[in-house]
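Inspection log for the structure reproduced underneath, given as structure tokens.
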Amino acid sequence: METWFVIISSLCIAALIKPLLNLIVSPSSSDHKKNLPPGPTSVPLISTLLWLRKSFSEMESALRSFRAKYGPIITVRIGSRPAIFIGTHTLAHQALVQNGAVFSDRPKALPTSKIISSNQHNISSAGYGPTWRLLRRNLTSEILHPSRVKSYSAARQWVLGILINRLVVESQSAAAVEGVRVVDHFQYAMFGLLVLMCFGDRLDEKQIKEVERVQRQMLLGFRRFNILNFWPKLGKIVFRNRWQEFIQFRQSQEDVLIPLIRSRMEVVKQRQQGKMEPDKESVVAYVDTLVDLELPDEKRKLNEEEMVSLCSEFLNAGTDTTSTALQWIMANLVKYPHVQTKLYKEITSIVGPSPQLGEKNKKADMLMLNEDDLQRMPYLKSVVLEGLRRHPPGHFVLPHTVTKDVELEGYLVPKDATINFLVADIGWDPKVWDEPMEFKPERFCTNNNTSDGGGPADLFDITGSREIKMMPFGAGRRICPAAGLAVLHLEFFVANLVWYFQWTAMEGDTIDLSEKQEFTTVMKYPLRAHISPRGLSQNQLRVKSWASSTPSLHLPRLSFYFDLTMLCIYEDIYAFVYLIITCLTLVSRSVHFSSLASIEFLHPISYAVWLPYFILFTLPETISLVSHLLTLSLTAPAKQTNVSELSR
């Protein structure tokens, strides 16, 4: 025991000597610091340990207080290099857009990150150079190209069916008295979709769960391993068990992903040799694009470990952030029912009434909102943008560094410094946004350039190339390459979930929007909501479709009664009740005699005027409608198909 104590004490003393000597002896260090942005006083080693002990919320709170004290650009000493934080949209635009080439590099990977990224062989961590350009160009041209994104439409439909089925099953279970805990279903759906895009196969639930387990295991445990980056040579001795745990997490990841990669590589090989014809439902998977990729600096192809890192990056970027943002948006729709109502009205005005759950739908005819429908919904875009502004999944971006010493706002940004941006604070700036902490999608619906957002949602520049007002995906050359895909997924799932279900808070629940930090900034109290299916049966939809195609029925008045009487019928066996009410509606409220639709209508004298007109104008319409409704009633299906048909 005494021997170990002497060894550890000696190592600690030796580690302290260098920073203390640098602090005392170096004559140029104080001059160099004077040019850095202002910040709190730091003490070598002690300051770093104090920062490492802080939780995310404590760190963010401290940075906000420093910003209020020192200004929009501050320096904090964390580790051996200065960390510079930028907190305003103007400075962020100046750095990331106007000086994009200089501010687009990445710092050297820390020991744990070096293992996860296969020595910075992925898009997010690679240095600004040929390897980064190759990997990013491959992703954007092969997977994120608009034509390729459209080819994944069937995959989105498949996952939507699974998600709806899971939500319905839980809402009908005994546990639903406390509401449906939606975040687990959102995460599963996103993993199912991204796994298909990554590996090209529709994996079963067990396989998807296994991929989700190893990915989230690494994500949620990553903060615990930060301490390993602090003097790693010493840490490997002192924190030996934690290092072993970290290596085991990575090994588990490789054990799950490598067989999927090898399986897909074999498919690619057989297709190249002409031994396998492409399936009609097959898609180009991300792994397909990596097989023949050659690294420009090293003149070699990617190895399996590097493919694991790239696939892991692809899955994490498309699942955790999107499911987090989706939960935040749905939570606000539950908390603010008037926003949900307005969104639902926009959806139904474009695509019609909601389909009823439990119907048998052919795979090719599954009722869902597609990409073309979404393009006609400006308020939907406003809701998604407001969700990303008010609740960005990441409150910081991945650290940047500069390729050379550069001046910003009169301060020196040295080459060895890490640079980050207060993403949440930029999106909550009261100088840019009116009432920034309120959830107001209408701010994106304006047609002016006021402080309320600056234009319609479809014209809003979320990339920040013209001006940064919010940056949930970053900005400049290092902006998330899949930002467009993420927005599409959010619009697709939000629109369909609101179209299929009415979302309401549980009794007595006010929807707490408190935050906590995991890999992303998530709800501290995950959303639990009561979800009830909306929608008409297929028989009822045919009635309304037929009536809408008959112009002589003067439907503005009939439509009101249709909607009113639909409240009384849910199953097709009540269609006859609807028939009677609708016939009476046609007779007593005909558009030809709307002025007679009063209590005086029943006066015997009125018949002398009403009866001839009824025979000439209204009776043919009534007979036609009665005949059609009787046909629908007699041919109606005997029973409803289980909701699981949606996921087939």
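The values are calculated or read from the model by the stated rules, or taken from the named source; none is laboratory data. Note that the coordinates shown come from a computational prediction; the quantities given were computed from them, not determined experimentally. Cβ sites come from the backbone with ideal geometry, for glycine too, and all protein chains shown count toward neighbours.
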Residue among P353, P393 that is in a loop (DSSP other than H, G, I, E, B) and touching an Asp or Glu at 6+ places or on another chain (Cβ under 8 Å)
P393
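Residues are listed down the side, and each one gets a yes or a no for (1) out of contact with any Ser or Thr (no Cβ under 8 Å at 6 or more places or on another chain); (2) part of a helix (DSSP H, G or I); (3) modelled with pLDDT under 95:
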residue	(1), (2), (3)
P82	no, no, yes
H93	yes, yes, no
V97	no, yes, no
K114	yes, yes, yes
K150	yes, yes, yes
Q157	yes, yes, yes
Any idea which of N165, N119 is out of contact with any Cys (no Cβ under 7 Å at 6 or more places or on another chain), under 30 Å from D372 (Cβ atoms) and of a type outside the set (S, T, Y)?
N165
Would you point out the residue of segment 40-79, among those that are modelled with pLDDT of 90 or more and part of a loop (DSSP other than H, G, I, E, B), that is nearest to L422 (Cα to Cα)?
P72
Can you list the helices (runs of 4 or more DSSP H) lying wholly within segment 225-317 that have 3 or more residues being touching a Phe, Trp or Tyr at 6+ places or on another chain (Cβ under 6 Å)?
240-272
Are any residues in segment 97-125 more than 24 Å from the chain's Cα centre (by Cα) and of a type in the set (A, V, I, L, M), and if so, which ones?
V97, A101, V102, A109, L110, I115
Which residues, taken from segment 217-231, are buried (at least 16 other Cβ atoms within 10 Å of the Cβ) and either more than 17 Å from S117 (Cα to Cα) or modelled with pLDDT of 90 or more (or both)?
I227, F230, W231
Flag for L203 being under 30 Å from M523 (Cα atoms), assigned by TED's automatic domain parsing to the domain that holds R166 and in contact with a Phe, Trp or Tyr (Cβ under 7 Å, 6 or more places away or on another chain)
no
Checking the condition of a type in the set (V, I, T), surrounded by fewer than 20 Cβ atoms within 10 Å (Cβ to Cβ) and out of contact with any Pro (no Cβ under 6 Å at 6 or more places or on another chain), which residue from V284, V308 passes?
V284
Those residues that are in a loop (DSSP other than H, G, I, E, B) and more than 16 Å from V76 (Cβ to Cβ), I need them from segment 398-423; list them, please.
L398, V402, T403, K404, D405, E409, G410, K415
Taking interchain pairs and intrachain pairs at least six residues apart, which have beta carbon atoms under 8 angstrom, with the first residue in segment 294-316 and assigned by TED's automatic domain parsing to the domain that holds P259 and the second among the hydroxyl-bearing types (S, T, Y) and assigned to a helix (DSSP H, G or I)?
L295/T131; P296/T131; D297/T131; L310/Y286; C311/Y286; F314/Y286
N332: modelled with pLDDT under 95 and either among the β-branched types (V, I, T) or in a helix (DSSP H, G or I) (or both), yes or no?
no
Determine which single condition T321 fails, assuming it passes every other condition in (1) within 26 Å of the chain's Cα centre (by Cα); (2) more than 24 Å from H145 (Cβ to Cβ); (3) at pLDDT 90 or above.
(2)
Name the pairs: first residue in segment 340-353 and over 16 Å from C445 (Cα atoms), second residue surrounded by fewer than 15 Cβ atoms within 10 Å (Cβ to Cβ), Cβ to Cβ under 7 Å, at least 6 apart or on different chains?
I350/R376
Give the residues of segment 120-141 that are surrounded by fewer than 21 Cβ atoms within 10 Å (Cβ to Cβ) and free of Cβ contacts under 8 Å to residues at least 40 places away in the same chain, sorted by residue number.
Q120, G127, R133, R137, S141
State all residues of segment 159-209 that are crowded, with 20+ Cβ neighbours inside 10 Å and assigned to a strand (DSSP E or B); if no residue qualifies, say none.
V180
